[in-house]
Every structure is written in C-alpha cells, then in structure tokens.
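Here's the structure, in structure tokens; my notes come after.
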Amino acid sequence: MARAKMLLVEDDAALAELLTWHFQREDFDVAQTPDGEEALILAQERTPDIVLLDWMVENLSGIEVCRRLRRMPETANVPIIMLTARGEEEDRVRGLETGADDYVTKPFSPRELIARVNAVLRRVRPALAGEVLTFGDLEMDTVAHKVRRGGELVPLGPTEFRLLRHLLEHPGWVFSRERLLDSVWGQDSEIELRTVDVHIRRLRKAINANGRPDIIRTVRSAGYSLDADAV
C-alpha cells in the first residue's frame, strides 16, 4: 500500500503524541507541529496527502491555516480534517466554508479518526487505498514491484520505479525538480537537479516504448506531471 503523508497540526502535546503513535502504527508518514506558521512551511517543503488541523494552534489560527493552505498551489486540493472542541453548528459551517473537507469534534476516539481519514483518502486519493496504482493503460503493482503498460511488462530500474510511483500517486500534479528530488531521493540528498531530468528521460524511454503516447508532461519553468493530455 502506498504510504500516505500526514501533516498533523495540534498544540496539545499529549494528544499530538497519541495521534502520531496511532497513525504511524497504521503506516502513515506523520509530520507534526503545534505551530500554524510552521505548518505552512512544512506543507510547502513536502506536500502532505492529508492534513489534520486543530482549530486553535500556536501563532496562527487553524481557520487561517486552512484558508492559506487552500490558496497555495501545492496544497489547494489536499484534504483537510479539522479537529476542535467547538461543536456549534456555526463553527462547523465556518470551518467547512473555509475549505475543510471534514470536521471532528473533541473528544473523539483515535479509531474513529483513523476511519474518517481513510474514508477521505479513499474518496480523493484512491491510489492510497490499494496495492496497484493505475493511470490509463499503465499499471504498477507496488508489492510485486512490477510495471505494465498495455499488459506488457516494463523493465524499470529502482530509481525510475520510485519516480513513477510518486507520479502515479499524484496524477495531474506538477512537481518541480526540487520537489521530486526531495520526495524520491530524500531531503538530505546531494544529487544535482539535472539528475532528475536524466531519470525522467530514462522513465519516458521505458514506458513509451513501441511508440506508445508520452504521458509525462514537461511544464516549462515548473517541472513534470503525469498527464494524459501530455501528447
């Protein structure tokens, strides 16, 4: 199963620790902060698959964090679940109108929250709910570590496999070379940016063999995207 990246913004240290433990046990990759301003920085550095956002956090309110996340291109479509002790209808409506996808009122059980998170991810990111990622006639079995296009096996090196997996998990998203370097090679990598271009060319050559349409779009001054309209 593709590992979902979660950004947890919660200033209650005990609750944050509890939620981090539960979601890591469910194989989520959790980044946590009690600070609204730091949350925006973390979201820019590494786009999360889902955000758990408390209404009242340090330095910047949860509502304002939600509003700014919706304005940022990297996170405009990332699902946001708000956590709050506020149970009034007006507050729930305000959170949803600001851009939240769901609303969970404290106290809640971690089991319920995990179920709500998985339900949202299944709806907006089906790739995170299964072991096979697909895009058009392209199919990746993340367990067997095999890729097929049009039913034919596509031989890929480990780096090209990780690169394609990242693109398959975010179809239509445009990633800069810097973001791909961080996501595929790791943030501590000292690899040069042009290395990304080299592996994109290798990946293209492999999946576009035998005259198949090129589904990797190059966006000038922006980066690369898995896009059926690339041809």
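The values are calculated or read from the model by the stated rules, or taken from the named source; none is laboratory data. Fair warning: this is a prediction, and the values are worked out from it, not measured in the lab. Ideal geometry is used to build each Cβ from the backbone, glycine not excepted, and the neighbour counts take in all protein chains shown. When the accessible area is computed, the model is the full protein with side chains, heavy atoms only, and any ligands, DNA or RNA have been set aside. Shrake-Rupley method; radii C 1.70, N 1.55, O 1.52, S 1.80 Å.
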Round to the nearest 10 and give me the degree value, 0 to 90, for the angle of helix 194-207's Cα axis relative to the longest principal axis of the chain. 70 degrees
Provide the per-residue ³J(HN,Hα) series for the stretch 35-52, in order, calculated from phi with Karplus coefficients 6.51, -1.76, 1.60 and θ = phi - 60°, each as a whole number of Hz, with x at glycine and proline positions. 10, x, 5, 5, 4, 5, 5, 4, 5, 6, 5, 8, 4, x, 8, 7, 10, 9
The size of the Cβ-based charge dipole (Lys, Arg +1; Asp, Glu -1) of the chain about the Cα centre, to the nearest 20 debye, is 1180 debye
What does the accessible area per residue of the chain come to in Å², with a 1.4 Å probe and no ligands, DNA or RNA counted? 51 Å²
With unit charges on the beta carbons (Lys and Arg positive, Asp and Glu negative) and the dipole taken about the Cα centre of the chain, which residue among Gly211, Val147, Ala100 sits farthest to the positive side? Gly211
What distance in nm separates the two pseudo spin-label positions at Thr195 and Gln44, each 7 Å out from Cα along the beta-carbon direction? 2.5 nm
At 7 Å along Cα-to-Cβ for each site, give me the label-to-label distance between Val219 and Asp35 in nm. 2.9 nm
How large is ³J(HN,Hα), in whole Hz, for each residue of the stretch 138-151 in order, when computed from phi with the Karplus curve 6.51 cos²θ - 1.76 cosθ + 1.60 and θ = phi - 60°, using x for Gly and Pro? 9, 9, 10, 9, 6, 7, 6, 6, 10, 10, 10, 10, x, x
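For the chain, take N as its residue count and report Rg(C-alpha) divided by 2.2 N^0.38 Å. Could the numbers behind the result be given before it?
Values: Rg = 18.9 Å, N = 231, 2.2 N^0.38 = 17.4 Å.
Here the Cα radius of gyration is 1.09 times the empirical estimate.
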Distant-in-sequence amide H partners of Val154 (H built 1.01 Å from N, under 5 Å): Val147, Arg148, Arg149
Rounded to the nearest 10 Å², the accessible area of Trp185 using a 1.4 Å probe with every protein chain kept is 50 Å²
Show which lysines lie in cross-link reach of Lys146 when reach means a straight Cα distance below 28 angstrom and same-chain residues fewer than eight apart are skipped. Lys5, Lys205
Output the 0 to 90 degree angle, nearest 10, between the alpha-carbon long axis of helix 13-25 and the longest principal axis computed from the alpha carbons of the chain. 30 degrees
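Per the 1.4 Å probe, what fraction of the accessible area of the chain, in percent, lies on carbon and sulfur atoms? Don't jump to the answer; show the numbers that get you there.
On the way: 5530 of 11880 Å².
Roughly 47 percent of what the probe reaches on the chain is carbon or sulfur.
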Solvent-accessible area of Ser221 with every protein chain in place, 1.4 Å probe, in Å² to the nearest 10: 120 Å²
At R0 = 45 Å, FRET efficiency that the Cβ-Cβ distance of His145 and Glu17 yields, to 0.05: 0.85
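Pull up the DSSP beta bridges for the chain and report the antiparallel fraction as a percent, rounded to 5. Present the calculation step by step, with values, prior to reporting the outcome.
Numbers: 16 of 34 bridges.
That works out to approximately 45 percent antiparallel.
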